[in-house]
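Taken together, the values in this text are just the output of simple stated rules run on the coordinates, not laboratory data. Everything quoted here is computed from the prediction, not taken from an experiment. When we count neighbours, we look across all protein chains shown, and the Cβ atoms used for this are built from the backbone with ideal geometry, even at glycine.
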Amino acid sequence: MVAGKILPESPGGMARVLPTPVVTPSSLPMENVESTNPIAEEKSALFAAVKKVFAAEGWDFHEIPGRAVIQAGFEAHHTRVELHVQAFPALNAVSVVSESPLTTSDPAQRERFAELVLRANQNLTVGNFEMDWDTGRVLFRATNLFPSEAADPEIVRGLVHTTILEMDRLSPLLVLILQASGPALAGLNLPELMSRLDLLPGANDSPGGGA
């Protein structure tokens, strides 16, 4: 297991990222973007820059054949965070997405998941949470548009840090929702839970990167 460096959080629980990326939330979902030239994307300077950041940090990763995509896993404070990073050379964009391993098909729990996502997004300046309504799964996505294929490694690193921290931050709240039902579920005070410091990832923790 290789140690990954994660930026500390602000008192409100939001990840600090320097420099701040220019983010276009939800504009580039990996699953819905068709590559016009996958081979060219795989060999692009932008994708090479992304892999160089992971190599420099000692983060293990796996390349997806035929696509400018890498997958990686990180042991965070509350949970293991799996993410994928995709390069879009035609747009000079890099998108980092993580998916929660927690899902629910219960309508009431799914509604509280959606409420949590909306409340969390109100306080974000980088990236955004999303929810796949059909599967009851929560995602976090952060995307940056670069002026050229020479991606700033600090911004790429910051996107990864933010994605890990934000998904890890929401994980214990998702668990509390899954553990509740009936009146207890309806009575969960999400704003209060989101402000509990004991549920926030430790500022000094350093998740480890895995394959």
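Residue check: is Gly136 buried (at least 18 other Cβ atoms within 10 Å of the Cβ) and more than 23 Å from Gln86 (Cα to Cα)? Criteria met by Gly136. Out of all the residues in the stretch 130-141, is one or more out of contact with any Pro (no Cβ under 6 Å at 6 or more places or on another chain), more than 17 Å from Met194 (Cβ to Cβ) and of a type in the set (S, T, N, Q)? Yes: one or more hits. Output the number of residues of the stretch 144-177 satisfying the condition of being in contact with a strand residue (DSSP E or B) (Cβ under 6 Å, 6 or more places away or on another chain), over 14 Å from Ala93 (Cα atoms) and polar (S, T, N, Q). Selection size over the stretch 144-177: 2.
Pick from the stretch 48-82 the residues that are assigned to a loop (DSSP other than H, G, I, E, B), small (Gly, Ala, Ser) and crowded, with 18+ Cβ neighbours inside 10 Å: which of them is farthest from the chain's Cα centre (by Cα)?
Looking only at the stretch 48-82, we keep the residues that are assigned to a loop (DSSP other than H, G, I, E, B), and these are 58-61, 64-68, 76-79.
Those left that are additionally small (Gly, Ala, Ser): 58, 66, 68, 76.
Subset that is crowded, with 18+ Cβ neighbours inside 10 Å: 68, 76.
On the way: Ala68: 18, Ala76: 12 Å.
So, considering only residues that are assigned to a loop (DSSP other than H, G, I, E, B), small (Gly, Ala, Ser) and crowded, with 18+ Cβ neighbours inside 10 Å, the one farthest from the chain's Cα centre (by Cα) is Ala68.
Which residues, taken from the stretch 124-148, are in contact (Cβ under 8 Å) with a residue 24 or more places away in the chain and under 15 Å from Met167 (Cβ atoms)? Correct list: Leu124, Val126, Gly127, Asn128, Phe129, Glu130, Arg137, Val138, Leu139, Phe140, Arg141, Ala142.
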